[in-house]
Every structure is written in C-alpha cells, then in structure tokens.
1. Would you mind working out the magnitude of the charge dipole of the chain relative to its Cα centre, with +1 at each Lys and Arg C-beta and -1 at each Asp and Glu C-beta, to the nearest 20 Debye?
2. Take Phe306, Phe52 and sort them by solvent-accessible surface of the protein heavy atoms, 1.4 Å probe, largest at the top.
3. Identify which of His31, His290, His307 has the largest mean-square fluctuation in a Gaussian network model of the chain, with springs joining Cα atoms closer than 10 Å.
4. Of Ile280, Gln25, Gly203, which is farthest along the charge dipole of the chain in the positive direction, counting Lys and Arg as +1 and Asp and Glu as -1 at C-beta?
5. Starting at the first residue of region 265-277, write each ³J(HN,Hα) from the Karplus equation 6.51 cos²θ - 1.76 cosθ + 1.60 with θ = phi - 60°, in whole Hz, x for Gly and Pro.
6. Quickly estimate the mean residue ellipticity at 222 nm for the chain, helices only: each DSSP H run with n ≥ 4 gives -39500 (n - 2.57), and the total goes over all residues, rounded to 500.
7. So who's got an amide H within less than 5 Å of the one on Ile315, skipping anything under 5 residues away but keeping other chains? H placed 1.01 Å off N, in plane.
8. What are the residues whose amide H is under 5 Å from the amide H of Arg9, where those residues sit 5 or more places off or on another chain and H is modelled from the backbone?
Amino acid sequence: MEVSEEGIRRVQPLAQSGLSRVPPQYIQPLHTRPVFHTPTEPRNIPLIDLSFFDPTRRASTVESIASACRDWGVFHVTNHGVPLSLLAAIRRTGRAFFTDCSMSEKLRYACSTAASEGYGSKMLATSDQQQDDAQVLDWRDYFDHHTLPLSRRNPDRWPEFPPDYRDTVARYSDEMKILAQKLLALISESLGLRASCIEDAVGEFYQNITISFYPPCPEPDLTLGLQSHSDIGAITLLIQDDVEGLQVLKSGDGGGDKWVTVEPLSDAVLVLLADQTEIITNGKYKSCEHRAITNPDRARLSVATFHDPAKTVKIFPVSELIDESSPAKYRDVVYGDYVLSWYKGPEGKRNIDALVLDS
C-alpha cells in the first residue's frame, strides 16, 4: 500500500484502484459537503488587466483593485509580466511528476509533517463533530516547495523528473515574488497608503509553492479536494489547469454567503488576499475563504504560491488606518503563533475571527 511517512495513504493510487465508493475518512460532515444540483452563482470573479504596470494606467488599475479587494478579496490579473510560457511550464512539470513518476520515485520526496517540504497528502484535516472529532481528509496529493528566502531553497529536495522541474520551480518562484511585491504596492495605494506599506509590515517574504493534484473522485458530492479556509499569510498567487474545482465564498448582496466557482483562465494569475493582509489593513480588506471540490471524471492541478511573514514578525493594523472613528479591530499576533493555531484546523476563518477585538 502506498503510504506517506505519517501513515496516510496517497489519494492518487487510491483513485486509480477502481473503487466505487470513497473510504469513510474522506467523507465530509453534512454541513461542509458541496451541493451540485443547485444552479451555480455567475462566474464574475473580478478580472483586472495590469497592462504590464503601465504608469499611465496606474490610477485606474488601483481603483479596480480597490473595488475587487473590498467586494471580493480575490481577483484575476492578466498582462501581469510573468511569461505565459513559464505558467505553462510549471503546469506541465507539476503534472508530469504526479502522472509519469512511479510511486517509489514519488515517495523518495515524502514529507513527514503537514508543514514540511515535499510530497504529501495530509496538510489539513476537518474534525467531524458527529463522529467524535474523527479527522476527515482532503481528496488531494501535493508537493510543497520551500523557495524563499534563498537560504530555504534547496532544489535537491525537489523532483529530478522532468529534467527541467527544478529550474522551472526556481524561475517561477522569482517571478511570483516580483509580482507579489508589485501587487502589494497597488493594494497599499488603493487604501491611500504608501506603496511599500503592506510589504514593510510583512517583512522579508517566506515563500512556499504548493503544486496540488486532485485525482478523479467517485463520490464528489461527499468529498472536498481541500477544505474551506482562508490562507494564513499575506498574499497568495494561484494558477489552475483547465478543470474547474476552486470555489470562493462570496457574501450575497441580500445577505447569505454563496460558493462561486472560479473559472480557469490559462493566461491569468488569481490573487487571493490572506489573513495577515486583513489584519494589516484593519479589516478594510478581508481575506478570501475558499475550497476545492472534486471531479468524477478528470484530475485537476493547481499551483499556489504563498507569501508569508517570518514566524518572528508581529502583525498588527497599520497606524494610518486607525483613528477614533475607526479603532483597531484586531489583536496583535506573532505570526508563528498564528501558524500553530491554523494547522490545528482552519475551519473557514476561525483563526482570524479569534483575533477580532470586541467593539
């Protein structure tokens, strides 16, 4: 049996075994299962043309970003400056690792804990209150790469196949860092802050790149590829293949939240605001809660690039956004403490909600 070092069976060979029912440990509690028989919400995730950061269009770009951050906490960007050939390359190499490498080769890179680098299956787990807090697993496998700062980057820990895998991940890391810096500058300006404000509050980026592989699932109505959560860091940049599966939670105009499926766009990068940016902006902009659903017929691949503070950094609302009419809404938090709490189970936005001060 193909298992990880922590004893969790890999999902891909499980899916390939021809089973018609998912094992009990992958069945979500009733209240978190996806609903497929109702009409889906219109796919109107904001799409922003960055025009390769043309300075003559900066004001209109900042205005569009303000609207997207305020209303959604997530948006697509095009003409972002990252070579489209590089987006295609990391999709290709990531998929090749999962589909063309033998299991024995993959297990050479097995990670031992949820937060460690390498090939894994269990990063998050839901607690099922109806089953004496039994853990419910996500229907996905993944490879997590530690890419920044450069002192954390060791390509010897990454797959050797395909031959350009390591070089592709390194180049992609560098491009994503540049894009994240430019986007945080625009997001800062959209709040009337100096361009470097949010990045200064975050400090040096600790960047991870996670390539997720979601195998076909025989019972997609009972499972999730990735449970509902908001990301813990500052900003996440994500690309998908052409298979739908990512959903974001959108507050309805008339009240009530609805899951909206994010349409895959091959040339675009999806920008998700994360929890530390919500704190830094004093809740002016909220982090995006999202999840991944499964598909009965097709495997799905995504590449998420996380940009986080160092674990020693203390995060708090910036003073420019605090006054008598708008007091601080969040407690200060040391990022490392926040990470420890998050890995006990994100459960939507439980962790950041716990930092909200009483009004």
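The values are calculated or read from the model by the stated rules, or taken from the named source; none is laboratory data. No experiment lies behind these values; they were computed from the predicted model shown. When we count neighbours, we look across all protein chains shown, and the Cβ atoms used for this are built from the backbone with ideal geometry, even at glycine. Remember, those area values only see protein heavy atoms, side chains included, never the ligands or the DNA or RNA. Shrake-Rupley method; radii C 1.70, N 1.55, O 1.52, S 1.80 Å.
1. Values: 37 positive and 50 negative charges, 75 e Å.
Here the chain has a charge dipole of around 360 debye.
2. Working: Phe306 50, Phe52 130 Å².
Sorted by accessible area, descending: Phe52, Phe306.
3. Answer for the Gaussian network model of the chain: His31.
4. Towards the positive end, the residue furthest out is Gln25.
5. Residue by residue, region 265-277 yields 10, 5, 9, 9, 10, 8, 10, 10, 6, 10, 4, 5, 5 Hz.
6. On the way: 9 runs with 92 residues, N = 359.
The helix-only estimate for the chain comes to -7500 deg cm²/dmol at 222 nm.
7. Correct list: Val333, Val334, Tyr335.
8. Hits under the 5 Å cutoff: Ser4.
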